[in-house]
Amino acid sequence: MSDNCYLGLDLSTQQLKCTVMNDAHEIVLEKAVNFDRDLPAYGTRNGAIDHGNDHVTSPTIMWVEAMDKLFESIKETPYAAKICGISGAGQQHGSVYWSEAGVQALAGLDSSKSLKEQLSAAFSIEQSPIWQDASTTRECRSLEQSVGGAQALADLTGSKAYERFTGNQIAKIYAEQKQAYEATKNISLVSSFIATVLLGQLAPVDSPEGSGTNMMNIETHRWQPNLVEHCGGPELIKKLALEPVEGGVQLGNIHPYFVERFGLNPECKVMPFTGDNSATLVSMNLHEGDCVVSLGTSDTVLVYLKQAQATTESHLMAHPTDAKGYMGMLCYKNGSLTRQHVRDLYANGDWDTFNKLLQTPTKDDTFGFYYWMQEIIPFAKGIYRFENGKPTQEFKDPSTNVRAILESQFLSMRVRLDRMTRQQKMKRILATGGAAANTSLLQVLSDVLGLPVFKQKGMNSASLGGALLAKYGVKQQNFEEMMLGRQDEPEKVCDPDLAWTEKYKSRVDAYVALEHSVCK
Ligand code: XUL
């Protein structure tokens, strides 16, 4: 076995993480820079800045400084010189705006200075809009209209128009910040931004990331000219500059800056970076009938589809290691932060108390909908409760909220998963993300979906997926062959109580009707 190592990075909402893996796929190093804790000067909360009116950003230069810090700490380990490939993931949809000066600074990086020192004037827009931004509804409707409606756009790009999707974010900047837009030489996504810094020149997005823009054709994996022009005028195609590429291609060697400053190997290859969700899919090496439920800042449900049809409530994205396949995805904004909010209000801010309260399922005619932040599916905001079938400000026993939020989140997954997979039978859930550490919560998930829940070792699935994509690119090998015999079997953590599953099944119609009523 060689001494080679592979580095996976994950620039997520709250931190920049890394996983270093060896050829036997053993994790030899994990590190993280947490934005709120380690870079407090930027004043982020959970990694983001909320400007009100659903406008949410992160300071781009904070991500640069996080790269300085992370590579400083990798340098101190025995692995820096052994890393022969780097790939990784970024929170999806977020965008980075490079100025002409920024592009030049990148090409001439000087290893005696930090990245932050050299890139502080590199961005024509200093705050990157991120996936939590929901301020582009007008742009969304306009884009859909331009092609004949929401379903038509979904058929073309894999998704109807969503506020956080990059094309709509760019369209808002194009309309409202003309000067800054004109001063923008190139636009990266969060994922391709890291690859760009590592290469010292613009890196393309990969096709799964292109699927998160509302501007890429989901069949050809190329930018769709009429959509690109609708979002950012005739000059946008020049700012995007490069067509999307497939996972596993080699983009080039790492910039000498990282060799001189952090001791990386000059032959280290950089592969395209992907989205955090597609990287998670890679780390789980999904088989037919597997469904990933990732419980993090956002909750997502991921499936591997060989054939698919776009719907207006789920996403169809290109698959990171199968250019002909798809990743089907549901994405909820009210994930862990909203569960924590309910824990703080009703369970003394304590997970043990929360878990004890979970032991009593709610009654048949009790439902809650917790759209603390503007939700994505359904597009709704606010908290709504129903007891004895009637709306109520608060449950008679307020601790009911604890069980109600989980039942509601998981019933939504159940209903949409059926529609997205066209009732194709799922066999098991692979749970990941921070909240997957809570087995009581996973039991509710298992009961509502009627499926056993499994977990893989290691919690940083997106950065592990990045390390696997790095190896995939270095070895230029078939992905499934590369994974043969190299993965620990996931461990079963819960079996569903099928009597409860039946009860939930009988509640689905009432749930759908009430959800519909609160979305009006
Ligand atoms: C997916 C999405 C979120 C982010 C979180 O469409 O918006 O899951 O990728 O990092």
Highest mean first, how do 229-237, 269-277 rank when packing is the count of other Cβ atoms within 10 Å averaged over residues? 269-277, 229-237
Rounded, prolate or oblate, given the Cα gyration tensor of the stretch 421-477, with a/c below 1.5 counting as rounded? oblate
Rounded to the nearest 5, what is the percent of antiparallel bridges among the DSSP beta bridges in the chain? 75
Round to a whole number: what % of the accessible area of the stretch 71-226 belongs to carbon and sulfur, probe 1.4 Å? 48
Vicinal HN-Hα couplings computed from phi for the stretch 150-161 (Karplus, 6.51 cos²θ - 1.76 cosθ + 1.60; Hz; Gly/Pro x): 5, 5, 4, 5, 5, 4, 7, 10, x, 8, 5, 6
Short to long, in 5 Å steps from zero, the percent of alpha-carbon pairs of the stretch 383-500 per bin is 2, 9, 14, 16, 16, 15, 12, 7, 4, 3, 2, 1, 0
Using the Kirkwood radius built from alpha carbon pairs, what does the Stokes-Einstein equation give as D for the stretch 278-326 at 10 °C and 1.306 mPa s, in µm² per second? 138
Could you give the angle, 0 to 90 degrees to the nearest 10, between helix 498-518's Cα long axis and the longest principal axis of the Cα atoms of the chain? 80
For the chain, longest principal axis from Cα atoms; helix 439-449 axis from its Cα atoms; angle between them, nearest 10 degrees, is 70
Bins of 10 Å from zero: percent of alpha-carbon pairs in the stretch 163-272: 15, 42, 28, 13, 2
Using the Karplus equation 6.51 cos²θ - 1.76 cosθ + 1.60 (θ = phi - 60°), what ³J(HN,Hα) coupling, rounded to whole Hz, does each residue of the stretch 166-173 give in order, writing x for Gly and Pro? 4, x, 6, 5, 5, 4, 5, 5
Can you show me the helix-derived [θ] at 222 nm for the chain, built from DSSP H runs with n ≥ 4 at -39,500 (n - 2.57) apiece and divided by the number of residues, rounded to the nearest 500. -11000 deg cm²/dmol
Could you list log10 I(q)/I(0) for the chain at q = 0.06, 0.07, 0.11 Å⁻¹, which the Debye formula gives when each Cα is one point scatterer? -0.26, -0.36, -0.92
Collect residues whose amide H, placed 1.01 Å from N in the peptide plane, falls under 5 Å from the amide H of residue 90; neighbours closer than 5 in sequence don't count. 11, 191, 274, 275, 276
Roughly what angle does helix 461-475 make with the longest principal axis of the chain, taking Cα atoms, 0 to 90 degrees, to the nearest 10? 40
Leaving out same-chain residues fewer than 8 places away, which lysines sit with a Cα under 28 Å from that of residue 75? 17, 31, 113, 116, 269, 457, 471, 475
What is the Cα coordinate range of the stretch 5-278 on the first, second and third principal axes, sorted by size from largest, in whole angstrom? 56, 38, 31
Integer Hz, Karplus 6.51/-1.76/1.60 couplings in order for the stretch 129-134, x for Gly and Pro: x, 10, 4, 7, 6, 10
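The values are calculated or read from the model by the stated rules, or taken from the named source; none is laboratory data. Keep in mind that what you see is a predicted model, and the values were worked out from it rather than measured. Here the Cβ is made from the backbone with ideal geometry for all residues, glycine too, and neighbour counts use every protein chain on show. Protein only, heavy atoms only, side chains kept; ligands, DNA and RNA dropped before computing areas. Shrake-Rupley method; radii C 1.70, N 1.55, O 1.52, S 1.80 Å.
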